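Working notes, beginning with the structure itself.
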Amino acid sequence: MIAYFNGQYVSKENIKISPDDRGFLFGDGVYEVIRSYGGRLFKIDDHLSRLSRSLGELRMAPVSLSHLKTVADQLLHRNNLENEDATLYIQITRGVAPRKHPFPDPETSPTVYVSASVLQPSPAEWASGIAVILVPDLRWGRCDIKSVGLLPNVLASQQAKEQGASEAVFVRDGVITEGSHTSFCAVFDGALVTHPANHHILAGVTRSVVLDLCVTLGISVRESPILERTLKGASELMVLGTTSEVVPVVRVDDWDVGDGNPGPITSKLKQAFGDLRAV
Ligand SMILES: Cc1ncc(COP(=O)(O)O)c(C=O)c1O
């Protein structure tokens, strides 16, 4: 595959990352994952503005978003992905410098890497519903920044896998925040409830699309904390993400959600999301 690395289009296998890269040494970088449907990059402006915000919050140098858009299009083109479903991965780190904790010399160029991959077929359970486990949210206080420092997410995701579940959902001080790589929503009394977009969650692009769809579909929305102790009272649960879109959650730890099947609001949103990105 052809990837983009620091200004050049090169074969991915030939990219060499310095061991002094701050992304490698400190996880000092940010990333985005963008979905392309048949060559159309879905909500690319929202992803790029979140990237730009993440860079700003970490006091990293801004990048040209229009240049990144060109790179994204070029990678789809150069990898013959213009008629395929694909994902684009962008990672920007604070660059290469001798290992010292404070920021390097301001002249240090960021490391910019972008790759494209064909989307793998979705697991069948994304339609029939997944099992999740609840895990303590051990992450830092700035989960709104899409940082490459994902160790608690990795550990939680691995724990889910080992317990036969598809996603781990974080609980912070008795409040459900989000999944290890997804946003989390519950349905209470016919209303969609999701954690407010503050420092404790990533403001998911899919989450924002789904909240807009709720308005269109006349589903009421509450952006308020979901208490773990009230979770069994939810009629439906779902997780949302760029790759998985809208996925029903039918089991949490050792109990079934509702009757153990995807609920009507989740199905409606899944359908509406599919219609939207097909346009
Ligand atoms: C922690 C976390 N929350 C939520 C999401 C979903 O965000 P998006 O819908 O923008 O993919 C992700 C996606 O990677 C994530 O890592």
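Every number in this text was worked out from the coordinates using simple rules, so none of it is lab data. Just so we're clear, the structure is a prediction, and the values are computed from it rather than from any experiment. Backbone-built Cβ (ideal geometry, glycine too); neighbour counts: all protein chains shown.
Give me the lysines in straight-line cross-link reach of LYS12: C-alpha distance below 26 Å, same-chain residues under 8 apart excluded.
Candidates past the 8-residue exclusion: LYS43, LYS69, LYS146.
Where does each of GLU32, GLU13 land when they are ranked from fewest to most other beta-carbon atoms within 10 angstrom?
Least crowded to most crowded, the residues run GLU13, GLU32.
Using the 10 angstrom Cβ neighbour count as an exposure proxy, how do MET1, MET60 rank, fewest first?
Exposure proxy ranking, most exposed first: MET1, MET60.
What aspartates and glutamates sit close enough to LYS232 to cross-link, taking a C-alpha to C-alpha distance under 20 Å and skipping anything fewer than 8 places away on the same chain?
Excluding near neighbours in sequence, the set is ASP137, GLU167, ASP173, GLU178, ASP189, GLU223, ASP253, ASP254, ASP256, ASP259.
Give the calculated FRET efficiency between ALA61 and ARG142 to the nearest 0.05, with a Förster radius of 25 Å applied to their Cβ-Cβ distance.
Using R0 = 25 Å, I get an efficiency of 0.85.
Could you give the size of the charge dipole of the chain about its Cα centre, using +1 on the Cβ of each K and R and -1 on the Cβ of each D and E, expressed in debye and rounded to the nearest 20?
Using Cβ point charges on Lys, Arg, Asp and Glu, the chain gives about 580 debye.
Would you mind telling me which residue in GLY56, GLY29, GLY149 has the biggest mean-square fluctuation in a Gaussian network model of the chain, where springs connect alpha carbons within a distance under 10 angstrom?
In this elastic network of the chain, the residue with the biggest mean-square fluctuation among GLY56, GLY29, GLY149 is GLY56.
By a straight-distance test (C-alpha under 15 Å), which aspartates and glutamates pair with LYS270 as possible cross-link partners, with residues fewer than eight away in the same chain excluded?
GLU125, ASP212, GLU236, GLU245
Taking Cα pairs under 8 Å and at least six residues apart, what relative contact order does the chain come out at, in percent?
Contact order relative to length: 18 percent.
In degrees between 0 and 90, to the nearest 10, how far off the longest principal axis of the chain does helix 65-78 point, with axes built from Cα atoms?
So the inclination is approximately 90 degrees.
Sort HIS67, HIS101 so the one with the fewest other Cβ atoms within 10 Å of its own Cβ comes first.
With the sparsest Cβ surroundings first, the list reads HIS101, HIS67.
Report, in whole Å, the centroid distance computed from the Cα atoms of the range 149-206 and the range 111-126.
20 Å
Which order do the peptides 178-187, 260-269 take when ranked by the mean count of other beta-carbon atoms within 10 Å per residue, highest first?
Ranking the peptides 178-187, 260-269 by packing returns 178-187, 260-269.
In vacuo Debye scattering of the chain, one point per C-alpha: log10 I(q)/I(0) at q = 0.08, 0.11, 0.17 Å⁻¹?
Normalising to I(0) and taking log10 leaves -0.35, -0.66, -1.41.
Report the residue, chosen from ARG40, ARG59, ARG78, that carries the largest GNM mean-square fluctuation when the chain is represented by alpha-carbon nodes joined by springs under 10 Å.
Fluctuation is largest for ARG59.
Any idea what the dipole of the range 103-180 comes to, in debye rounded to 20, about its Cα centre with Lys/Arg Cβ at +1 and Asp/Glu Cβ at -1?
100 debye
Placing +1 on the Cβ of each Lys and Arg and -1 on the Cβ of each Asp and Glu in the range 1-104, which of PRO62, TYR89, LEU75 has its Cα farthest towards the positive end of the resulting dipole?
PRO62
If I model a spin label as a point 7 Å beyond the Cα along the Cα-Cβ vector, how far apart are those points for MET1 and GLU107 in nm?
That separation, rounded to one decimal, is 3.5 nm.
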